[in-house]
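Worksheet for the structure shown next.
The values are calculated or read from the model by the stated rules, or taken from the named source; none is laboratory data. A quick note: this is a predicted structure, and the numbers were derived from the prediction, not measured. Ideal geometry is used to build each Cβ from the backbone, glycine not excepted, and the neighbour counts take in all protein chains shown. Remember, those area values only see protein heavy atoms, side chains included, never the ligands or the DNA or RNA. Shrake-Rupley method; radii C 1.70, N 1.55, O 1.52, S 1.80 Å.
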Amino acid sequence: MVDAWMIEVPGERVVVREPGPRDEVPLLTLFEECEDWFVAATGLPSGPGDVQGLFYALPEGASPEDKVLLVLERDGVVAGLVDAVRDHPEPGAVAVGLFLLAPWARGRGLGRALAESLLARAGAVSLVTATVPAGWRCGEGFLERLGFSLGAVVEAGGTVGNRRAGPREAGVRWAELRVLGG
């Protein structure tokens, strides 16, 4: 169990914590609000099983005890979600499968504050990997501002992060952040 903690964002009360049973409806709302991301990532809006599936989805070779889900609350309202797997794709690495912020929460510094807080709390992490939907400019820019190196577009097919690619997916860009001292 991860304790909840506050992150510093001027003028905002922001808490990061693990999701619980009472978060199902707020997470469904978040997924509906983030239709732009789902369409960019999968070619379709979020489906009814996406929230539930998130709790079980793992990349091949990953262990369930290494799965981390965190909710970002702004002023008591769910504003974001992070899905990550420790020690994947290699020991000492973290694979971020989903880093989602509601459209009304974007552009406020919440994403950067959350990413920096997670990196500071991650301990001995040497590598962070992520994917971004091909052409999702705001996501690509966000990762670059955090110091990630973006790779070429990988066409969809097979698995994407911790799930099977959908038939309408256009592909993703892989991103890596090498962490000094990790």
Residue among G141, V15, G111 farthest towards the positive dipole end of the chain, charges placed on Cβ: G141
Residues in segment 73-113 that a label on V154 would reach, taking backbone N under 18 Å of a point 7 Å out along Cα→Cβ: 83-99
Mean residue ellipticity at 222 nm from the helices of the chain, using -39,500 (n - 2.57) per DSSP H segment of n ≥ 4 over the full residue count, to the nearest 500 deg cm²/dmol? -7000 deg cm²/dmol
Quick check: at a probe of 1.4 Å, how many percent of the accessible area of the chain sits on carbon and sulfur atoms? 54
So, with +1 on the Cβ of K and R and -1 on the Cβ of D and E, and no other charges, what is the size of the charge dipole of the chain about its Cα centre, to the nearest 20 debye? 300
In debye to the nearest 20, the charge dipole size for segment 41-99, taken about the Cα centre with +1 at each Lys and Arg Cβ and -1 at each Asp and Glu Cβ, equals 140
Neighbour-limited loop hits for chymotrypsin sites (Phe, Trp or Tyr not before Pro), segment 87-139 (at most 13 other Cβ within 10 Å; DSSP other than H, G, I, E, B): none
Rounded to one decimal in nm, the spacing of the 7 Å Cα→Cβ label points at A170 and V77 is 2.9
